[in-house]
1. Being more than 20 Å from A197 (Cα to Cα), outside any loop (DSSP other than H, G, I, E, B) and not charged (D, E, K, R) is the filter here, so list the residues in segment 257-279 that pass it.
2. Across segment 81-94, what is the number of residues that are touching a strand residue (DSSP E or B) at 6+ places or on another chain (Cβ under 6 Å) and either part of a helix (DSSP H, G or I) or aromatic (F, W, Y) (or both)?
3. So which of L166, L145 ends up being within 22 Å of the chain's Cα centre (by Cα), among the hydrophobic types (A, V, I, L, M, F, W, C) and under 19 Å from P14 (Cβ atoms)?
4. Could you grab the pairs with beta carbons closer than 6 Å, sequence gap of 6+ or different chains, first residue in segment 127-139 and basic (K, R), second one surrounded by 13 or more Cβ atoms within 10 Å (Cβ to Cβ)?
5. If you check G196 against the conditions, is it under 24 Å from G13 (Cα atoms) and loosely packed, with under 15 Cβ neighbours inside 10 Å?
6. Scan (1) among the β-branched types (V, I, T); (2) farther than 28 Å from L166 by Cα; (3) modelled with pLDDT of 95 or more; (4) surrounded by 14 or more Cβ atoms within 10 Å (Cβ to Cβ) for the single condition I218 breaks and write down its number.
7. Given the criterion part of a strand (DSSP E or B), in contact (Cβ under 8 Å) with a residue 60 or more places away in the chain and farther than 23 Å from A116 by Cβ, identify the matching residue among A209, A188, A254.
8. Can you tell me which residue within segment 221-266, out of those that are of a type in the set (S, T, Y) and under 23 Å from V99 (Cα atoms), is modelled with the lowest pLDDT?
Amino acid sequence: MPLVQHRFKAMGGPCEISLWQSDERSSLPLLQVMEAEVRRLERKFSRFREDSLVCRLNRGELNGIGLDEETQGLMSFANHCYELSDGLFDLTIGALHRVWSFSGNQVPEEEAVQAALTKVGWPKLAWDGNAVNIRDSVAVDLGGLVKEFAVDRLVQILRDASVPGLVNLAGDIAASDVQPEQTPWTVAVCHPREPGAIAKVELKRGALATSGDYERYIETDTGRYCHLLRPDTGFPAQNGLCSVSVIAEQCIIAGSMSSIAMLKGESGLDWLQKVDLPYLAFDQALNASGTIKV
């Protein structure tokens, strides 16, 4: 039985689905369904598509209208992460993303950051668990959850089909089951400072997600500024960590928890131990710590 691999680009990066099937031809319908699901979620939740649900939401077009069950689930999970992180994981940072484009090597002016901050704050959303009312020019950005949610959706498709496989959407990874003969999957943790892997981890079932200061960033004389924006200061997280990987049953949990840990900094590692999630962290000197066996 061959290992079939399917590669495509979506959600801002390379995607790969690996699965065990009797032959490559029989895997095509399943792979087509899985790629279509990724593209559906991208169309629905992308902040870069004017016709997406997120953009319509931010324009106020859906104010007071009950959201679909899928979107309600994401909003409820975002609310949970906001509370769990003491406000650091806040998906109303859309205004900050407009200021921090990370397309050049220039840090935005302090006045622009402070102006954007007035439009940030999860409590500014009138969210009742069913409908949202956008107020004070708040802009929701579900990008911190959607890719991981897509990984979980693909894993569920594999499990429904009783097919062992591995999903990798731009570094967010999950396995539906072990490989034949109970062999675990070997997945790479990206090196935060150079091409290639800094560590390899065995994964049987569940997900591994990594958050780091190397995915999107700018460097200036005053330091490295990454895409992980703090909703309290309006500036990127700058601390002793450069990468945190977390293993969890679901990728949406692994991804959000690794992001929260990075936003918290070195105290985030103690926090991960308290929430009892396996992790692997690298500091700015590339020293490793954590509970994941490599």
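1. So the first thing to find is which residues in segment 257-279 are more than 20 Å from A197 (Cα to Cα), and the list is 257, 260-261, 263-277.
Imposing the further condition that a residue be outside any loop (DSSP other than H, G, I, E, B) reduces the set to 257, 260-261, 263-264, 267-274.
Hits for segment 257-279 are M257, I260, A261, L263, S267, G268, L269, W271, L272, Q273.
2. Going through segment 81-94, the residues touching a strand residue (DSSP E or B) at 6+ places or on another chain (Cβ under 6 Å) turn out to be 93-94.
When the remaining residues are screened for being either part of a helix (DSSP H, G or I) or aromatic (F, W, Y) (or both), the result is 94.
Count: 1.
3. Numbers: L145 fails: under 19 Å from P14 (Cβ atoms).
When all the criteria are applied, what remains is L166.
4. As it stands, the answer is R135/K124, since those pairs meet every condition given.
5. So G196 fits the description; yes.
6. Only one criterion is unmet by I218, namely (3).
7. Numbers: A188 fails: in contact (Cβ under 8 Å) with a residue 60 or more places away in the chain; A254 fails: part of a strand (DSSP E or B).
Going through A209, A188, A254 in turn, just one is part of a strand (DSSP E or B), in contact (Cβ under 8 Å) with a residue 60 or more places away in the chain and farther than 23 Å from A116 by Cβ: A209.
8. Of the residues in segment 221-266, the ones of a type in the set (S, T, Y) are 222, 225, 233, 243, 245, 256, 258-259.
The next check asks that each one be under 23 Å from V99 (Cα atoms); those that pass are 222, 225, 233, 256, 259.
On the way: T222: 80, Y225: 92, T233: 96, S256: 98, S259: 97.
Once the filter is applied, the top-ranked residue is T222.
The values are calculated or read from the model by the stated rules, or taken from the named source; none is laboratory data. Everything quoted here is computed from the prediction, not taken from an experiment. Backbone-built Cβ (ideal geometry, glycine too); neighbour counts: all protein chains shown.
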